[in-house]
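Read the structure below first, then the notes.
The values are calculated or read from the model by the stated rules, or taken from the named source; none is laboratory data. Everything numeric in this text was worked out from a predicted model, so none of it was measured. Methodologically, a virtual Cβ is constructed for each residue, glycine included, from the backbone with ideal geometry; neighbour enumeration extends over all protein chains shown. What goes into the accessible areas is simple: the full protein's heavy atoms, side chains included, and nothing from ligands, DNA or RNA. Shrake-Rupley method; radii C 1.70, N 1.55, O 1.52, S 1.80 Å.
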Number of protein chains: 6
Amino acid sequence: MLDLFIEAGKLKKLPRMGWLLRGVANPESVAEHTFRVALITLFLGDELKKKGIDINVEKALKIALLHDLGEARITDLPLEAQNYVDKKKAERKAMVDILGAERVEYFRLFQEYEDEKSLEGRLVKFADKLEMVLQAWEYEKSGAKGLDEFWGALDYLKKSEIYAHFKDLIDELEKLR
Amino acid sequence: MLDLFIEAGKLKKLPRMGWLLRGVANPESVAEHTFRVALITLFLGDELKKKGIDINVEKALKIALLHDLGEARITDLPLEAQNYVDKKKAERKAMVDILGAERVEYFRLFQEYEDEKSLEGRLVKFADKLEMVLQAWEYEKSGAKGLDEFWGALDYLKKSEIYAHFKDLIDELEKLR
Amino acid sequence: MLDLFIEAGKLKKLPRMGWLLRGVANPESVAEHTFRVALITLFLGDELKKKGIDINVEKALKIALLHDLGEARITDLPLEAQNYVDKKKAERKAMVDILGAERVEYFRLFQEYEDEKSLEGRLVKFADKLEMVLQAWEYEKSGAKGLDEFWGALDYLKKSEIYAHFKDLIDELEKLR
Amino acid sequence: MLDLFIEAGKLKKLPRMGWLLRGVANPESVAEHTFRVALITLFLGDELKKKGIDINVEKALKIALLHDLGEARITDLPLEAQNYVDKKKAERKAMVDILGAERVEYFRLFQEYEDEKSLEGRLVKFADKLEMVLQAWEYEKSGAKGLDEFWGALDYLKKSEIYAHFKDLIDELEKLR
Amino acid sequence: MLDLFIEAGKLKKLPRMGWLLRGVANPESVAEHTFRVALITLFLGDELKKKGIDINVEKALKIALLHDLGEARITDLPLEAQNYVDKKKAERKAMVDILGAERVEYFRLFQEYEDEKSLEGRLVKFADKLEMVLQAWEYEKSGAKGLDEFWGALDYLKKSEIYAHFKDLIDELEKLR
Amino acid sequence: MLDLFIEAGKLKKLPRMGWLLRGVANPESVAEHTFRVALITLFLGDELKKKGIDINVEKALKIALLHDLGEARITDLPLEAQNYVDKKKAERKAMVDILGAERVEYFRLFQEYEDEKSLEGRLVKFADKLEMVLQAWEYEKSGAKGLDEFWGALDYLKKSEIYAHFKDLIDELEKLR
C-alpha cells in the first residue's frame, strides 16, 4: 500500500499543464486541483442528498480522490496533446497498474467517472469542471490573462443534469468575471 | 457555497511551514498535504472495514478533507508558533466562521479529529502523521537534510490503536530511511 | 548571539502572506520588506533631523531592523488570521524569547514601535506602511491585480504627524497609480 | 512562420519531467536542454570533421534544434508514461503538424534523429544523452539525490560508434561523479 | 571540452535580467532565449537561402548558439548596468577565456555577431531582437505589464537589411499586440 | 526620494549570484542578505560599544543598509565576472548616480565600507562576510552541496581587527559545519 501512497505523491509535483502553457507562473499541481474537487464533491453531494436525491456520497468522495491518479504515470496531458495520444486509454491502463489487480473495485469507481455512467461519477465530473472555472477566475483576479477558453466549461456545467440543483451556484460563478 | 470553495482554494497557496522553515525549496502546500491524507484515509479506512472494524468511511473522508480548512484563515502555524498562539482555539473559531452556522455538522466532524474522540477522527490523525513522515522521506530522497524531527511522528503512529492493523505498513515506512 | 542571527535568517524564508494569499507569484519575504523599511527610515529620519526635528536616527534604525523579528517564530500572520489570534500578544512574547533576558533594551525598542509611543517608533510605522503601498504599486505595475485594500494604508500615512514633513512624497506615491 | 516560433516558445515552459518527478526543485526546461544539446553537437560535429569524418554539421545542428520540438504539443512524457502512450508515434504526428506540409524537409531531419539512420542523427542522440548525464551530475553536485538511473545513459554512450572519437571526454564525464 | 559544456550549463541558471527587474515572475533563462534565437535563425536562414541570398546557414547557427556564451562569466547585464560597465569589452574577454586559445575560430564567429560585420552575424542579431519582442508579447498575453520598452526593438528590426525579406513576419509580430 | 526607494526595491528581485550559479534553488535576494548584514551590524556594533570601543553605531547601520545599493544598477556580479569587469569602479559610479549629487554624504559612507577606511566600514565588511558564511551553512544544513569556497571567508574574519572581540562567535560559526 505504501507504493500506492508514493505514487499518489507524484501528483504534488505535477503542474496542471493547461495553466503552465498559458503562462501562469507556478501553477497549481494536480494534487491541489484534486483536493478542491473532492471538497466540492463533499458539499454538493451532501446537498443533493438533503434534497432527497439518491446518491452515495462515500462513493462520490472516493471517485473524486482517485479521478486523476492515473496522471501519476502519464502526467497531466494538455488538451493539445490529446490529438496525438489516446489519453483515455492510457489513463485507464495506468490506473489498472497503479491500483493493482487486488484493488479492481477502485478501478471500477474510476470508470464510473470516466464514462459518466453513475450519478456519483457525473457529480465528480461536474465538480471537476466547476473547480477549473473557479481556478481560472482566481488566476484572472490576480492578473493572469489568456484563460478565456477555460470558461467554456460553463457550457458543460449548464448542460449537466446536476445543474438544476445548483443553478444559483453556477450563476454566481459565471457572474464573478 | 462558492465562498466556501474560494476559501478552500487558499490552501493551494499556503506552504507547509515546517518544510519551508527547514529550507525545503518550493515545499508542498496545505492542499497537497490534505489530498494525500484523504487518499490514505480512503485506503486505510476500507482496509479496516474489510477486517471487520466498525468504521464509517464516508465520515472519515469528510474529516480528512476538512481537517486543515481552518488554515485558510490562520495559515499553517509552525510548531514554534504554537508556543505563542493558542492554535487549537484559533483553528476552532476559524472553522466555525468558515463553515457558517448552517453547516455546524461539519464543525462537529472537525472536532472528532481535533479531540480524537471517534475512530474516524483518530484514523485521520493517523493518516495525517503517516503522510508527513512519507513526505519527509520523499524530500530526503531528493537531497533534503535537517528533517529528523519529523520522523518523531513514528512514535505517535506506533502508539495508536490503529497501528495493530497496519504494523507492516508502518514498519515498511520506517525502513525506507 | 549566533542563535539570534539564525533566527533572523528565518525572515528570508517567510513570505509576506498578504501578497501570497492574493495570488502574487513568489512574493517578497519578510526580510525583504524589513530591508526597505529600514532604508526608508534612514532617509526620512535624516530628513526630519535636517528639518530641526529632535529625532534619534540610530534608535529609529534599530527599531526598523527589529520590528518584524517576532515573525521568525509566529510567521507573518495575515490580517484574516488576526481575528483568531492575539497577534500583538504573541509577537511580544516571541520577541521576549528571541532576544532573551539579557537583551531587554531591544525589546523596549520594539515596544516603542508597537505602541507608537516615541517619534522613532511612529516613524518606523510610517515607513512600514509607505513600504507596503510602494510594493503594492510595484506588483500592480508588473500586472498584479486585486491589491486595492493595500492602498488603504494611505489613510494611515495622511493622518500621521509625520505626513506634514513628507506631504510631497506621499502625494507622489498616491499619484503613481 | 510566427506560429512556429510561438510553438517553440512552449519548450521554455515545459519542465523536463524526469527531474521534476525525482524531486529536483525548479528543474530545467526542454528549451534549456535543447540549447546545450545543440551546443554539444556543434563542438563534437566540428571535431569529427577535423578528424576527417564525413559529417554535415549544418544538418546536425538543425536536427539538434528540432529534436524535441514535438514536445511543444505532447509535453516531455517521462519514461513511466511511455508504457501507456506510444510516444514515438505521437511525437512524429506532432512534428508533422507543427512543421506543416510545406516544411516536410525538417520532418525528415527529425526522422534521422529518431531512427538514428544518419551519422548526424546519431550524433545528436549522442549529444542528447551526454547532456542528460552532465545535467544529472550538476544536480548531484548541488545536493540532489535519487538520480542514479540517469547515469545508465553512459552505457548508450559507450556503445555508440561515436564513442571511439570521444573516449576521453566520456571517461572524464564518468569520473566526475 | 567538458569544461566548455559545464560553462554553457550556467546559461540555464541565469535569468534574463530585463524581465526579472520588471517584475516578471520566474523569467526565462539565457539558455531558453538562446534556444529560440537559434531556431529562428534556422528558419530565417534557410528562407534567405531559398530566396537566392548567399548565406552560410551553418555559420549562422553556430553564431546563434555562441552569441550569449560570454554571459556564463559576466551574467546577463541589464541595460541599466551598461552605463557603468563596458559590457562589450567584458563579454569579448570572457568569450576568449571560455573558448580558449585553441578555439579562436569560434571567437571570430562571435565577433561577426557583435560587430554585425557579416550577413550571418546580422541575421543572428535580427533573430535576437525578434525573439525578445515575441517573448515580451508572450509575457503580456499572460498578464505582465510594464514591458513597453522592449517593443522598441521593432525599430531595429525594421531598419535592418533583412527586414525586406521578412516584412510580413515583422508586421504580423507588430500586430500581435 | 521615491525614486531612491523604488531603486532600492530592485534589490528584492536580484538573486545573489554566487548561490544561483552553484545550483541553490531559489536563492536569497540581495535585499535579504542586506537585511541580515544590518541586523548583525546592530548587535556587533552595540557589543563593541559596551566593551568601550569608540564606534558610531548609527553610522555603521547606515553603511550596512547602503552597502549593496549600487547593485540595483549593476546587479550582483559574481566573483567570476569580476575578472572582466571593474566592479569597484562600476559600483562607485552607480552609487553616485543612485544617490544623486544632493546626497553625497551617503556616498562617503559607502566609501568607508568599500575602502575599509573607518572602523564602521570595517565592521560592516565583517558582518557581510559573517552573514555569507552563516548563509552557506544554512543552505548546507538543508542539503545543498558545492559551497566550500564560501567558507574561505572565515580567513578574512579571523584576520580582522574585530575578530579579537568576537572570537567565540566566529569559533561557534566555524564549528557549525
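Odds and ends about this structure:
- The stretch C:19-49 and the stretch E:10-67 have Cα centres separated by 37 Å.
- log10 of Debye I(q)/I(0), alpha-carbon scatterers only, for the stretch A:11-101 at 0.10, 0.15, 0.20 Å⁻¹: -0.33, -0.69, -1.00
- For A:VAL104, inter-copy label distances in nm, listed shortest first [label point 7 Å out on the Cα-Cβ vector]: 4.8, 4.9, 7.5, 7.5, 8.9
- F/C buried area, accessible surface, summed, 1.4 Å probe, Å²: 4200
- Rolling a 1.4 Å probe across the protein heavy atoms gives the stretch A:1-140 an accessible surface of 30 Å² per residue.
- Teacher prompt: B:GLU149 distances to equivalent labels in other copies, 7 Å Cα→Cβ, nm: 3.1, 3.4, 3.4, 4.5, 4.6
- 3J(HN,Hα) couplings calculated from phi for the stretch A:87-99 with the Karplus curve 6.51 cos²θ - 1.76 cosθ + 1.60 (θ = phi - 60°) are, in sequence order, 4, 4, 5, 4, 5, 4, 5, 5, 4, 4, 5, 5, 6 Hz; Gly and Pro show x.
- Computed E for F:ARG108/F:LYS175 - FRET, C-beta separation, R0 35 angstrom, nearest 0.05: 0.35
- Axis-proximal residue, chain D, for the rotation superposing D on C (Cβ, Å): D:ASN26, 5
- At a threshold of 40 Å², the residues of the stretch D:22-48 that become less accessible to a 1.4 Å probe in the full protein assembly than in their chain on its own are D:ALA25, D:ASN26, D:GLU32, D:PHE35, D:ARG36, D:LEU39, D:LEU42, D:PHE43, D:ASP46.
- Shape parameters for the protein assembly as shown, alpha-carbon atoms, Rg then Dmax in Å: 29.7, 83
- Nearest-first distances (nm) between copies at E:LYS167, label 7 Å from Cα via Cβ: 5.9, 5.9, 5.9, 8.2, 8.5
- Counting only residues at least eight positions apart within a chain, or on another chain, the aspartates and glutamates with an alpha carbon under 16 Å from that of D:LYS51 are D:GLU120, D:GLU161, D:ASP168, E:GLU102.
- Put a plus charge on the Cβ of each Lys and Arg, a minus charge on the Cβ of each Asp and Glu, and nothing anywhere else: the dipole of chain E about its Cα centre is then about 80 debye.
- Of E:LYS141/E:LYS167; B:LYS87/C:LYS117; F:LYS93/F:LYS117, those spanning more than 21 Å from alpha-carbon to alpha-carbon: E:LYS141/E:LYS167; B:LYS87/C:LYS117
- Reported to the nearest whole Å, the Cα centre-to-centre distance from the stretch C:87-120 to the stretch E:135-158 is 48.
- With every protein chain in place, the protein assembly as shown: carbon and sulfur % of accessible area (1.4 Å): 47
- Under 15 Å from D:LYS88, Cα to Cα: aspartates and glutamates that are on another chain or at least 8 residues apart: A:ASP86, D:ASP68, D:GLU71, D:ASP76, D:GLU80, D:ASP97, D:GLU112, D:GLU114, D:ASP115, D:GLU116
- Per the Debye formula on identical point scatterers at the alpha carbon atoms of the stretch E:45-90, with no solvent, log10 I(q)/I(0) at q = 0.24, 0.33, 0.34 Å⁻¹ is -0.81, -1.16, -1.18.
- Sites B:ALA153 and B:GLU116 - FRET efficiency at Förster radius 22 Å, r taken between beta-carbons, to 0.05: 0.90
- Charged neighbours of B:LYS158, selected by a Cβ distance under 12 Å, balance to -1 (K, R count +1; D, E count -1).
- Amide H within-cut-off set for C:GLY143, under 5 Å, with H built and near neighbours excluded: E:LYS145
- Applying D = kT/(6 pi eta Rh) to the stretch A:2-176, where Rh is the Kirkwood radius over alpha-carbon pairs, T corresponds to 10 °C and eta to 1.306 mPa s, the Stokes-Einstein value obtained is 95 µm²/s.
- Label-point separation in nm, A:LYS50 to D:LEU79, each point 7 Å along Cα→Cβ: 5.1
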